[in-house]
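First comes the structure, then the notes that go with it.
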Amino acid sequence: MDKNTPVLIVDDYKTMLRIIRNLLKQLDFENVEEATDGSEALAKMRAGNFGLVISDWNMAPMTGLDLLKEVRADARLKNTPFIMITAESKTENVVAAKQAGVSNYIVKPFNAETLREKIEKVMVHA
Amino acid sequence: MPDGIAPANASATPEEARIDAAVRAVLGSMAGDLTATEAALLAELEGLGRTVARAKEEIASLRVDDINISHIPSATDELDAIVGHTAQATNEILDCCEVLEGVAGRVGGGEAEALSGAITRIYEACSFQDITGQRIGKVVTALKAIEARVAQVTERFSAVAAGHSLPASAPPPPKPAAESETEGRRLANGPQLPGAGVSQADIDKLLADFD
């Protein structure tokens, strides 16, 4: 797993962005950028070259699921590993995310070990 | 006038005057003496009419402005303040954690490991702020819906108290067109109550079933 890969974290709660950034730092991921909703994230992805996206679901104007669909529909971005970290814990949410092509799904509140495990899993398959 | 039917009152409200008129119209249409049962029934009907009229007046005189101008905005402001204060406190905790991470880097060894483990647990615990923020957001949305409904009901009964007929119910607020609502927005329900959502283990199993 290349820990220099640029990671984009997306969440409308600044505190959550900071927590995820710090947890990633503990896992030696230092090349981290942030966005506060799906549309900002999509613009950054189109302008950059991210090796991993970690996104919340419930954001406005563009949700994490809609961002995921846009990413999977984009010829250049479609293979980017995409982890959803969200408080949306209904089965229908997980199924919708999987059908849209999510690489893994973490429900909030989560622990650092779960984050490490899911990142390792999706990066191996990347 | 049969026993139990109150005489017309000069200070009666328009609603009460209508009730009096209705009772008198019924009486005027009856030929001969009223039986005791008919008189009692009329008295009951008049009493019922007055009770309904009083209830309408009480609803109309509710201090809706207190609810709409003061109580609900005040409640939503308080909730916003809770979110703001918890965010501020969480950021201060995170500031301290970042200082401690620097210390852990300098001390090294077992102490650094112990510090690092504790810091990780604090990071994990701080995610409460996101969950509580989303829960409070749901409550604010519910309060605003109540505010709108209370205003609608009191507006209708204020019109009645002023002597107008009951206006037709206002149509419900338009829902966003289904085609304009994305799947992501439609499925965004926020945090579930304990036991209502699926666990991480269940999610892992569900995802594995797809593979």
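Listed highest first by mean packing, meaning other Cβ atoms within 10 Å per residue, what order do A:110-116, B:191-197, A:4-10 come in?
Ranking the peptides A:110-116, B:191-197, A:4-10 by packing returns A:4-10, A:110-116, B:191-197.
Between residue B:116 and residue A:1, the FRET efficiency from the beta-carbon distance, with R0 = 22 Å, is close to 0.65.
Computed from the C-beta positions of residue B:95 and residue A:113 and an R0 of 30 Å, the FRET efficiency is 0.80 to the nearest 0.05.
Approximating the spin labels as points 7 Å out from Cα along Cα→Cβ, the residue B:206-to-residue B:103 distance works out to 4.1 nm. For the range B:80-96, the Karplus equation 6.51 cos²θ - 1.76 cosθ + 1.60, evaluated at θ = phi - 60°, returns couplings of 4, 5, 4, 4, x, 5, 5, 5, 5, 5, 4, 5, 5, 4, 5, 4, 4 Hz by residue, with Gly and Pro reported as x. Kindly identify chain A as rounded, prolate or oblate by the Cα gyration tensor criterion: order the square roots of the eigenvalues as a ≥ b ≥ c, call it rounded if a/c is under 1.5, otherwise compare a/b with b/c, prolate if a/b is larger, else oblate. Rounded is the answer for chain A, as its axis ratio a/c remains below 1.5. Near residue A:108, the amide H atoms lying under 5 Å from its own belong to A:86, A:87, A:88; only residues 5 or more places off or on other chains count, and H is placed 1.01 Å from N. With the full set of protein chains in place, find how many percent of the accessible area of chain A is carbon and sulfur; take the probe as 1.4 Å. Exposed carbon and sulfur together represent 46 percent of the surface.
Filter chain A for me: DSSP H helices, axial length by Cα at least 27 angstrom, mean Kyte-Doolittle hydropathy not below -1.0. List them by residue number. Counting only whole DSSP H runs, no helix qualifies.
A simple spin-label model places pseudo-atoms 7 Å from Cα toward Cβ; at residue A:26 and residue B:131 they are separated by 1.7 nm.
Inter-chain Cβ neighbour count for A:53-62, averaged per residue, equals 3 (cutoff 10 Å, partner chain atoms only). Relative to the Cα centre, the charge distribution of the protein assembly as shown, modelled as +1 at Lys and Arg Cβ and -1 at Asp and Glu Cβ, gives a dipole magnitude of about 700 debye. Remark on residue A:54: its backbone amide H falls under 5 Å from those of A:8, A:9, A:10, A:83, a criterion applied only to residues 5 or more positions apart or on other chains, H modelled at 1.01 Å from N. Can you give the accessible area buried between chains A and B, summed over both chains, with a 1.4 Å probe, in Å² to the nearest 100? Between A and B, the summed buried area is about 3500 Å². Taken per residue, the accessible surface of the protein assembly as shown reaches 54 Å², heavy atoms only and a 1.4 Å probe. Hey, what did the range B:63-158 get for relative contact order, percent, Cα under 8 Å, at least 6 apart? Here the relative contact order equals 44 percent.
The values are calculated or read from the model by the stated rules, or taken from the named source; none is laboratory data. Here the structure is a predicted model, which means the values were calculated and not measured. When we count neighbours, we look across all protein chains shown, and the Cβ atoms used for this are built from the backbone with ideal geometry, even at glycine. Note: accessible area is taken over every heavy atom of the protein model, side chains too, but ligands, DNA and RNA are not part of it. Shrake-Rupley method; radii C 1.70, N 1.55, O 1.52, S 1.80 Å.
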